[in-house]
Every structure is written in structure tokens, then in C-alpha cells.
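The values are calculated or read from the model by the stated rules, or taken from the named source; none is laboratory data. Given the structure is predicted, the values throughout are model-derived calculations rather than measurements. Positions of Cβ are generated from backbone atoms using ideal geometry, with glycine treated the same way; all protein chains shown enter the neighbour counts. Areas reflect the complete protein model, heavy atoms only, side chains present, ligands, DNA and RNA absent. Shrake-Rupley method; radii C 1.70, N 1.55, O 1.52, S 1.80 Å.
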Amino acid sequence: MFNNRSRIKELLTSDKTNYQTTVMGWVRTFRNNQFIALNDGSTNNNLQVVVALGSLDETTIKRITTGACIKAVGEIIPSLGKGQKVELIANSVEILGDSDAEKFPLQPKKHSLEFLREIAHLRFRTNTFGAIFRVRHALAFAVHEFFNKKNFVYLHTPIITASDAEGAGEMFKVTTLPLDGTAPKNEDGSINFKDDFFGRSTNLTVSGQLEGELAAMAFSDIYTFGPTFRAENSNTARHLAEFWMIEPEMAFSDLEDNMNIAEEFIKYIIKYAMDNNREDLEFLSQRLEEEEKSKPQNERSEMGLIEKLEFVVNNDFERITYTEAIDILRESNHNKKKKFQYLINEWGIDLQSEHERYLVEKHFKKPVILTNYPKDIKAFYMRQNDDGKTVAAMDILAPGIGEIVGGSQREERLDKLTQRMNEMHIPTEELDWYLDTRRFGACPHAGFGLGFERMVLFVTGMGNIRDVIPFPRYPKSASF
Ligand code: 4AD
Ligand code: MG
């Protein structure tokens with residue numbers, strides 16, 4: 001058996017000393033031909049491995065370079081140096097994988113996030129990305145824990161689909177037809193998908209919601225957690241072309257039930273990360289503080305990262321209607337002084353991220369749930385309110401991010417739903433299976449989608465969504 005090693009995190013957090021053990025990991029630095037800072041990804045803290053003078057031959061010493069992978073065997077002793085409780089005095093060091101110091105792009109110094117994005121295959125080996133992706137893991141785990149405790153069924157919805165769940169048409173096509181112009185055509189010149197792999201036109205899914213609703217009409221409560229795809233040409237720090245979404249769907253629920261569970265859920269997963277990833281969050285908090293030093297005073301955040309997370313966990317989200325939000329925005333000095341790029345004049349307009357962030361960061365200074373949007377700027381499946389103008393939608397807006405959750409109570413009344421679909425030119429024949437839920441045992445139900453990367457962005461305090469998913473996909477970029 002090869003893998004009889006101790007994890008560095010366990011060694012560093014235990015008080016036990018004076019025993020033999022084996023560690024394996026990657027060399028962060030090697031000082032004075034004697035002190036190796038070794039990291040195995042279990043924590044950002046390195047184990048100091050001390051090579052006893054004269055115990056290793058010259059060639060092995062030369063091969064202990066930044067980035068190299070090694071196995072060290074020796075004794076754990078109380079550390080003489082500052083900053084660590086224990087260290088390992090190595091009797092033997094074996095090089096598992098060499099790393100040419102001249103060519104290894106990660107030097108023991110600070111690299112820019114932009115540079116690290118170009119070497120995303122190696123950036124896991126930095127402190128920042130080590131912390132980010134351990135926190136991402138914890139959040140993902142907490143998602144499952146939260147819903148499992150509440151007896152939700154985890155539903156795997158399809159990734160290839162023929163429907164456009166959001167009706168927004170921002171989809172990636174999936175086809176095996178030739179792209180050289182020889183694909184079969186209809187009389188009107190359009191592509192004839194009858195000969196395509198699935199015998200019809202298909203896309204990568206933008207959301208698992210519609211399928212989720214089908215299952216909620218049997219299990220009561222379900223959630224999805226999977227990749228979703230949007231071909232929107234949004235080159236921003238908040239958008240990805242491939243992102244992960246969590247979509248719970250609850251039978252016997254209205255808009256208020258929906259808001260309650262969404263708020264409880266967000267607080268639960270943040271709390272989980274705070275309880276289980278303290279060290280990483282403290283590291284990220286410090287990173288943010290450093291980064292903010294280069295910003296002008298008025299752009300710095302009022303709270304530190306951990307303080308912000310605690311605040312969110314311990315305070316109620318603000319709940320207001322779209323109409324109230326429009327009034328606040330219209331009357332704001334920001335609007336009057338024309339500081340918004342898109343000025344707020346009339347009811348009915350879609351909110352831009354500058355408006356969302358004004359409400360959350362300047363006005364309420366806490367997460368805000370906006371409800372009852374105009375029906376014309378929301379999807380066809382949202383439940384129509386009695387005023388004939390609005391739908392039972394809810395978006396949750398988070399400080400520094402903007403929209404983090406989108407959801408609604410669903411239109412369960414068949415006649416209202418088909419009427420809305422017709423108005424919006426959504427083909428009812430293609431969604432006949434969806435309409436069946438309204439024909440056979442419909443009930444009030446609701447659900448929402450949380451953008452997982454936006455959540456990770458919020459919890460880690462990072463500024464760009466491309467830094468919280470291992471291999472980001474965005475316009476003109478699909479490396480690795
Ligand atoms: O608001 P959206 O489009 O809602 C839906 O897809 C619904 N079907 C959800 C539901 O009710 N089950 O997307 C939900 C969330 C957004 O609030 C945002 O956090 C995230 O998904 N999101 C994106 N995240 C990263 N990159 C993008 N391009 C995103 N588009 C949406
Ligand atoms: Mg939305």
C-alpha cells in the first residue's frame with residue numbers, strides 16, 4: 001500500500017508529538033537546503049519538513065524545488081520555529097515528481113488573479129485558490145445536507161433538452177449534424193433536425209426547473225444541483241456560460257413559503273462554511289482586506305468578510321415589492337443626480353445590476369428579497385397576481401453581487417398558464433408534458449434557483465466569478 005500518509009492538516013492541528021509518520025505533498029519553498037514548506041491541499045498551512053544536514057545526497061537536494069512532489073518520512077517533533085506547533089524531521093525524502101524550477105510558473109510570490117486565470121490548471125496550488133475551492137466544496141456539501149435534512153429528493157434533471165425552460169432563447173445547440181453546409185434542409189431553407197441524433201432540435205439546458213416541477217408533483221419536495229448553460233454574451237464578473245444551479249421545487253407552497261425556505265437555505269450554507277472552514281475564510285478575509293487597501297476609501301466595504309457573513313446569517317432579509325423598489329430608486333439622490341447609467345423613470349422596466357446593488361448596498365445595507373415583478377419582464381411559468389400586471393416572482397439580491405436567487409410561485413391554473421404561453425409565443429405542443437402536471441392533480445407550488453458560483457463569490461469575498469469555478473467558460477474562452 002502506497003497511501004499510508006498523514007494529512008498535513010491533521011498533523012498541524014494535533015498536539016501529539018514524537019512519533020514516526022509519512023507525509024506527501026508539493027514543495028512550496030525550500031530554504032537553506034534544509035527547510036521544506038510542504039503542502040498537500042488539506043490546509044493552506046504548510047508543514048515544515050526539516051532535512052537533517054548531511055542526510056540527503058546532493059542530487060536529491062537539487063531536485064527539491066518549488067512545485068516538486070515529494071514523500072518524506074520522519075519524526076513529528078514540537079517545533080522550535082515560530083508559527084507552527086510541530087514540524088517533521090525527515091530521515092528520508094523521496095522525489096515523486098520533479099518540477100523544473102526554471103519553467104514552473106508559480107513562484108513563491110504574489111501573482112495577479114488575471115495571470116492565475118491563464119494557468120487555471122496550476123492555480124489550485126496557491127493559497128487563495130486552495131481556500132476558495134475548499135470553501136466551494138463545503139458549500140456544495142452543505143446544500144445536500146440542508147435538503148437531505150428536510151427530506152427533499154435530489155433529482156438529476158437532463159443536461160440535453162429540447163425545451164427552453166426560461167423562454168429566453170439563450171441556448172447552446174447540441175447536434176451531430178455536419179457544420180459544413182451539407183446538413184439536411186427543409187423546403188424553407190431551415191435545418192431539418194429529423195435526421196439529427198435525437199430526431200429534433202436540442203440544446204444544453206438553461207435550467208432544470210420544468211422537469212423539477214414534474215417530480216415535485218409526486219415527491220412534494222425536490223431539488224436539483226447541476227450544471228446549466230447560458231449562451232448570453234455577458235462579459236461580466238457575474239456571468240458564466242457554464243454555471244451550477246441549485247433548484248428546489250416545493251409542492252403545497254406559495255411565494256411566502258418560497259422566500260422563507262430560500263432565506264433559511266442561504267443562511268444555513270453560509271453558517272456551515274463559517275463553522276467548518278474558519279481558517280480558509282480568515283485567509284480570504286485578510287486577502288480581501290489587503291486588496292481593498294488599493295481602493296479609494298469610499299469603495300471599500302464597510303465590513304470585513306467574516307463580519308459580513310455573520311451579519312447575513314443573523315439578520316432578516318429585507319422583503320419589498322418591485323413597486324416599492326422602483327419608488328425608492330426613482331426618488332433616490334442617485335437617480336436625481338443621474339448617477340445611474342439607466343435612469344429610473346417608469347414602472348415596468350427591468351432592474352439593472354446597478355439598481356439592485358444600490359438597494360442592497362446603499363439603501364438597505366442587507367440582502368433584499370424583491371417580489372411581485374411586472375409579468376412582462378418575467379418567465380411564462382410565474383403565477384399571475386390578481387392585479388393583472390404582476391407575477392408572484394422573487395429575486396434575492398446580495399451585497400456586492402446583485403441577483404443571487406431567482407424564483408417564483410408557479411402558475412398552476414391550466415387556463416391561465418396556456419393563455420400566458422400563447423401571449424408569449426411559447427409553443428404549448430412542445431411543452432405538453434409540462435402542462436400535464438396542471439391537468440392531473442395540480443397544486444400550488446413554488447421554487448427558486450440559486451446560482452452556485454454567485455454564492456461562492458459572496459462567501460469567499462472574491463470579485464470575479466471566473467475565480468470561483470475551477471475552469472470557467474465565458475465568451476471566447478473554454479480552455480482546459
Ligand atoms: O434567474 P434565473 O434565470 O432563474 C431560473 O433559471 C429559474 N428557472 C430558477 C427557478 O425558479 N428554479 O437563474 C437563477 C440564478 C440567478 O439568480 C443567478 O444567481 C444564477 O442563476 N445565474 C447565473 N450565474 C452565473 N452566470 C450566469 N450567466 C447566470 N445566469 C443566472
Ligand atoms: Mg433571474
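Heavy-atom accessible area with a 1.4 Å probe sorts LYS109, LYS365, LYS194, LYS378, largest first, into LYS194, LYS109, LYS365, LYS378. The string of couplings for segment 193-204 from the Karplus curve (6.51, -1.76, 1.60, θ = phi - 60°) is 7, 4, 8, 6, 3, 8, x, 6, 7, 10, 9, 7 Hz, one whole number per residue in order, with x for Gly and Pro.
Oblate is the label for segment 304-392, because a/c, from the alpha-carbon gyration tensor with a ≥ b ≥ c as root eigenvalues, is 1.5 or above and a/b does not exceed b/c.
Spin-label model, HIS425/PHE340: points 7 Å from Cα along the beta carbon direction are separated by 2.8 nm. Indicate the gyration tensor shape class of segment 218-307 (rounded, prolate or oblate), computed on the Cα atoms with a ≥ b ≥ c the square roots of the eigenvalues: a/c under 1.5 is rounded; otherwise a/b larger than b/c is prolate and the rest oblate. Since a/c reaches 1.5 and a/b is larger than b/c, the shape of segment 218-307 is classed as prolate. Projecting the Cα atoms of TYR223, ASN203, THR176 onto the charge dipole of segment 129-247 (Cβ charges, centred on the Cα centre) puts TYR223 farthest toward the positive pole. Kirkwood hydrodynamic radius computed over the chain comes to 25.5 Å, based on all pairs of distinct alpha carbons. In a reduced charge model with +1 at each Lys and Arg Cβ and -1 at each Asp and Glu Cβ, segment 425-480 shows a dipole moment near 280 debye about its Cα centre.
Of the residues LYS271, LYS336, ranked by 1.4 Å probe accessible area with the largest first, the sequence reads LYS336, LYS271. Relative to the current alpha-carbon distance between MET303 and HIS144, full extension at 0.36 nm per residue lengthens the span by 54.3 nm.
Pull out a ≥ b ≥ c, the square roots of the eigenvalues of the alpha-carbon gyration tensor of segment 1-141, then state rounded if a/c is under 1.5, prolate if not and a/b is larger than b/c, and oblate in the remaining case. The shape class here is oblate. The calculated FRET efficiency for LYS362 paired with HIS137, based on their beta-carbon distance and R0 = 41 Å, is about 0.75.
Given a 1.4 Å probe and the protein chains as shown, PHE311 ends up with an accessible area of around 60 Å². With the highest mean first, a sort of the peptides 112-124, 395-407 on other beta-carbon atoms found within 10 angstrom per residue produces 395-407, 112-124. The C-alpha atoms of the chain define a longest principal axis, and helix 305-314 lies at about 50 degrees to it. Leaving ligands, DNA and RNA out of it, report the carbon-plus-sulfur percent of the accessible area of segment 428-471 at a 1.4 Å probe. Heavy-atom surface of segment 428-471 belonging to carbon and sulfur, 1.4 Å probe: 54 percent.
Extension gain for the segment ASN18 to GLU318, taken as residue separation times 0.36 nm less the Cα-Cα distance, is 102.5 nm to one decimal. With R₀ set to 60 Å, the beta-carbon distance separating GLU331 from GLN107 gives a calculated FRET efficiency near 0.70. Which of LYS267/LYS476; LYS338/LYS375; LYS150/LYS476; LYS293/LYS339 have a Cα-Cα distance over 32 Å? Pairs exceeding the cut-off: LYS267/LYS476; LYS150/LYS476.
Run the helix sum for the chain: -39,500 (n - 2.57) per DSSP H stretch of 4+ residues, divided by residue count, reported at 222 nm to the nearest 500 deg cm²/dmol. Calculated at 222 nm, the ellipticity per residue is -9000 deg cm²/dmol. For LYS185, the lysines whose Cα falls under 21 Å of its own Cα, not counting residues fewer than eight places away in the same chain, are LYS173, LYS194. Were the residues from PHE471 through LYS194 laid out at 0.36 nm apart, the gain over their Cα-Cα distance would be 96.3 nm. At 1.002 mPa s and 20 °C, plugging the Kirkwood radius over alpha-carbon pairs of segment 99-249 into Stokes-Einstein gives what diffusion coefficient in µm²/s? Using the Kirkwood radius from Cα pairs, D works out to 112 µm²/s. Each of PHE243, PHE471, GLN48 was placed along the dipole of the chain (beta-carbon charges, centred on the mean Cα), and the one lying farthest toward the positive end is GLN48. Taking Cα centre as origin and charging only the Cβ of basic (Lys, Arg, +1) and acidic (Asp, Glu, -1) residues, the dipole magnitude of the chain rounds to 1720 debye. Summed over the residues of the chain and divided among them, the accessible surface reaches 49 Å² per residue at a probe radius of 1.4 Å. A simple packing score, the average count of other Cβ atoms within 10 Å per residue, orders the peptides 354-362, 195-203 as 354-362, 195-203, with the highest score first. From most to least packed by mean Cβ count within 10 Å, the peptides 13-25, 70-82, 241-253 give 241-253, 70-82, 13-25. Expressed as a whole percent, the accessible area of segment 161-234 that falls on carbon and sulfur atoms is 51 (1.4 Å probe). Ordering ASP415, ASP254 by accessible surface, largest first, gives ASP415, ASP254; the 1.4 Å probe counts only protein heavy atoms, with every chain in place. Considering all C-alpha pairs of segment 1-52, those separated by over 14 Å amount to 53%. Cross-link pairs exceeding 18 Å in C-alpha to C-alpha distance, out of LYS295/LYS337; LYS9/LYS85; LYS308/LYS362, comprise LYS295/LYS337.
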